[in-house]
Amino acid sequence: MKDLGDLNFFLGIEVARSEEGIVLNQKKVLSQYMHSPKTSHMEVALRVVRYIKSNPGLGLFMLAEASNKLTAYCDSDWGSCLQTKRSVAGIHNSNFTLHRSSINYIMAGGDPLSDLPRSILLYILSMLPNGKQVVRTSVLSRRWRFLWNSVPLSLNFEFPNRGSIESTLDYVTSIHRELYYLRSCEKIRKFRVLLYRYDERYAKDVDLWKNLTEEVLEKVLSGCPNLECLELDTIRGRWQSSWRLEISSVKLRKLIIQDDYVQNPDFCPSFKFLFRHGEHNLDKEFIYLKGLLHSVAHVKNLELSPWCIQCMSTLALEGWQSPPSSWKFLKRNTHVEQLDFPGIYSFLQSSSDLETLVIEWNNSTPTVSFL
Amino acid sequence: MVKLKSNDDKEFEVEEAAVIQSEMIKNMIEDGCATSVIPLPNIDSKTLIKVIEYLNKHINMGKAAETGEEDDLKEFDEQFVNMGWEELFDVIMAANYLNIHELMELCCQSAADRLKNKSVRAVREMLKITNDLTEEEEQEIINDAPWAFEGPEIDDTVN
């Protein structure tokens, strides 16, 4: 016997290996009828091409992790192959799912939800309102044991009742307990903590949550060198004044910083917070803004919050000139006050490429845009 | 008009404006592959009728927003997902295959809403899941994260 090395081609099936698993592909099998082609084969071939066109790259992927459970179906599709009239058996392993008609799971006595492809199952689970409910599915059956790990989680921690100091303490402890358990989770899509009663004694906890949030955002920003569009919607928090946003992508073409300043006075996005908390240290905020404007100079579409424009106005009056930029589209989404004009003037001067400037009024007067 | 054929050989005529909400069929039409009947081997006629009902109602979604028919559409969606689990999963599989994003979202959200706050026992019963864990294994999982299995919001009813 000879060792032929790793398997790469067997019975017309190509095999590609990686550390994560094996991909099976059978495009070579399609040539079976090439010696005497008929119209029916042409039709089948066209259908295959149509299918491949809308689903490029589809194949079977078998995970390297072992799962020993194998479910087999006998005669699940009897006589469907007109050429051979052979009975068709299906094999199903939790690693991968083959397409089967709905009759199969009734025969096998399986459960309908587990029969959905893994990606759809994960999608449904990701719509559950919090991590607790996703974790709870781990006890349903063996197949569900580790499924929650791959669900993009929305972590929502709502304060249970506006009660005593003890209950706040319980609440904070419960968040930590939950986060510790969730550390193995692959994706965290949303992390939200409502702390009704802030107290100095929770500063360390809040710091920890803050680090977690920043870590996630940093990973997103530094891990996406091709990031093209970034939308930051109401980044809030009392720690924001010390927070730095570093965007490493050179391809960033769209940066939107949302500001709900006017509609909701209680709704405090980052820049308003910056403004408020920096009242006695406005210079620091200005340095931050200058840096931000420099780093987004190559950006094409830019929307600015009212706070940005206000600060730019102040800076312009102090003789500061906004950096040369390649902004082509500029939008500000609240009404303009007279005080804002020096700021607008300042960036108009430096943006020779500017093509569109949109200024929206919120109080139901029409949107004005001019070229 | 575009003709669709289910896997039990029934043909359905659908307006092109409705059917192009399916990314897959839209691509086929753009490439000129939809001149005759489009066979849908993964979808039975019962499911296809539901999908077509949805597509017909959702033509010109943008217009609905303008004319204030949004509520009407919302009501339709609520009624639409009022179906059994197995039917719902058939529609999800069809929406996934045809690549109809909005329908997929609607049905998956409905599935998630039905599972929301349900106890382990209730979920098992609703989805007919056979528990193949031993009692010790089950206890071990619960002991690892007891907080996930307790709370006043957990609902043990089956619907």
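The values are calculated or read from the model by the stated rules, or taken from the named source; none is laboratory data. Not measured: the values here are computed from a predicted model. Heads up, the Cβs are rebuilt from the backbone with ideal geometry, glycines too, and the neighbour counts pull from every protein chain shown. To get the accessible areas, we keep the full protein, side chains included, count just its heavy atoms, and leave off ligands, DNA and RNA. Shrake-Rupley method; radii C 1.70, N 1.55, O 1.52, S 1.80 Å.
Summary of computed values
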{"read-out": "Identity of the residue in segment B:100-114, of a type outside the set (A, V, I, L, M) and facing another protein chain (nearest Cβ under 7 Å), that ends up nearest to A:Tyr51 (Cα to Cα)", "value": "B:Cys108"}
{"read-out": "Residue within segment A:317-330 that is open to solvent by 10 Å² or more (accessible area, probe 1.4 Å), touching a strand residue (DSSP E or B) at 6+ places or on another chain (Cβ under 7 Å), modelled with pLDDT of 70 or more and hydrophobic (A, V, I, L, M, F, W, C) present", "value": "no"}
{"read-out": "Among residues of segment B:16-48, those that are of a type in the set (Ser, Thr, Tyr) and in contact with a strand residue (DSSP E or B) (Cβ under 6 Å, 6 or more places away or on another chain), counted", "value": "0"}
{"read-out": "Qualifying residue in segment B:84-99 (condition: at the interface with chain A (Cβ under 7 Å from one of its Cβ atoms), open to solvent by 40 Å² or more (accessible area, probe 1.4 Å) and at positive phi)", "value": "no"}
{"read-out": "Scope segment B:70-98; condition in contact (Cβ under 8 Å) with a residue 60 or more places away in the chain and aromatic (Phe, Trp, Tyr); matching residues", "value": "B:Tyr97"}
{"read-out": "Some residue of segment A:157-167 being loosely packed, with under 14 Cβ neighbours inside 10 Å and at pLDDT 75 or above", "value": "yes"}
{"read-out": "Qualifying residue in segment B:122-131 (condition: more than 18 Å from A:Val135 (Cβ to Cβ) and either in contact with a Lys or Arg (Cβ under 6 Å, 6 or more places away or on another chain) or open to solvent by less than 20 Å² (accessible area, probe 1.4 Å) (or both))", "value": "yes"}
{"read-out": "Pairs where the first residue, in segment A:128-142, is under 21 Å from B:Cys107 (Cβ atoms) and more than 7 Å from chain B (Cβ to nearest Cβ) and the second is hydroxyl-bearing (Ser, Thr, Tyr) and surrounded by fewer than 23 Cβ atoms within 10 Å (Cβ to Cβ), C-beta under 9 Å, 6+ apart", "value": "A:Val134/A:Ser126; A:Val134/A:Ser154"}
{"read-out": "Residue satisfying all of: in segment B:41-60; within 14 Å of chain A (Cβ to nearest Cβ) and at pLDDT below 90; surrounded by the most Cβ atoms within 10 Å (Cβ to Cβ) among these", "value": "B:Asn42"}
{"read-out": "Flag if B:Asn117 is in contact with an Asp or Glu (Cβ under 6 Å, 6 or more places away or on another chain), open to solvent by less than 60 Å² (accessible area, probe 1.4 Å), under 21 Å from A:Tyr123 (Cβ atoms) and at the interface with another protein chain (Cβ under 9 Å from one of its Cβ atoms)", "value": "yes"}
